Every structure is written in structure tokens, then in C-alpha cells.
Amino acid sequence: MLIFGEAHLRYIVENYISHYHHERAHQSLNNKIIDPPPDGKGEIVCHERLGGLLKFYKRAA
């Protein structure tokens, strides 16, 4: 990934921190998410951050 200035770096770090705390499973929590979203009954949908480098899956509402 090429970083084009301070604003771009801040954008990347903010996206990674959000992914780390809200979308990534943590082994120390038995592979659970820190702040899990409410369970839905729809189909499973893939969401991407940073052009597809970070992916997570959740059910549609």
C-alpha cells in the first residue's frame, strides 16, 4: 500500500482501528468480537475496508 501524505495515513489508521475493535474476532475472547453487532436473520454479506485488504462478514438486517 502506498501512503500519500498525513491525511491518507490517518484515514488508513482510523479504518484499521475501527476494524480491529468492531469487526475482528479476538482469540483471547474465544474468537468473539469485542462489540458485536445485533444478530440479523438475513443473508451473510461481506463488507470491505481499505480496498478489500480488510474484510468482515455479518448478516443483513
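The values are calculated or read from the model by the stated rules, or taken from the named source; none is laboratory data. Note that this is a predicted model, so its numbers are computed, not measured. Please note: Cβ atoms are built from the backbone with ideal geometry, for glycine as well, and neighbour counts cover all protein chains shown.
Just one of the numbered conditions (1) assigned to a loop (DSSP other than H, G, I, E, B); (2) out of contact with any strand residue (DSSP E or B) (no Cβ under 9 Å at 6 or more places or on another chain); (3) at pLDDT 80 or above is not true of ILE12; which one?
(1)
Taking interchain pairs and intrachain pairs at least six residues apart, which have beta carbon atoms under 6 angstrom, with the first residue in the stretch 1-17 and under 13 Å from LEU54 (Cβ atoms) and the second of a type outside the set (D, E, K, R)?
Every condition considered, the pairs that remain are ASN15/LEU50.
If I go through the stretch 1-28 residue by residue, how many of them are surrounded by 10 or more Cβ atoms within 10 Å (Cβ to Cβ) and out of contact with any helix residue (DSSP H, G or I) (no Cβ under 7 Å at 6 or more places or on another chain)?
17
Just checking, which of GLY5, GLY51, GLY42 is in contact with a strand residue (DSSP E or B) (Cβ under 6 Å, 6 or more places away or on another chain) and small (Gly, Ala, Ser)?
Numbers: GLY5 fails: in contact with a strand residue (DSSP E or B) (Cβ under 6 Å, 6 or more places away or on another chain); GLY51 fails: in contact with a strand residue (DSSP E or B) (Cβ under 6 Å, 6 or more places away or on another chain).
Criteria check complete, one pass: GLY42.
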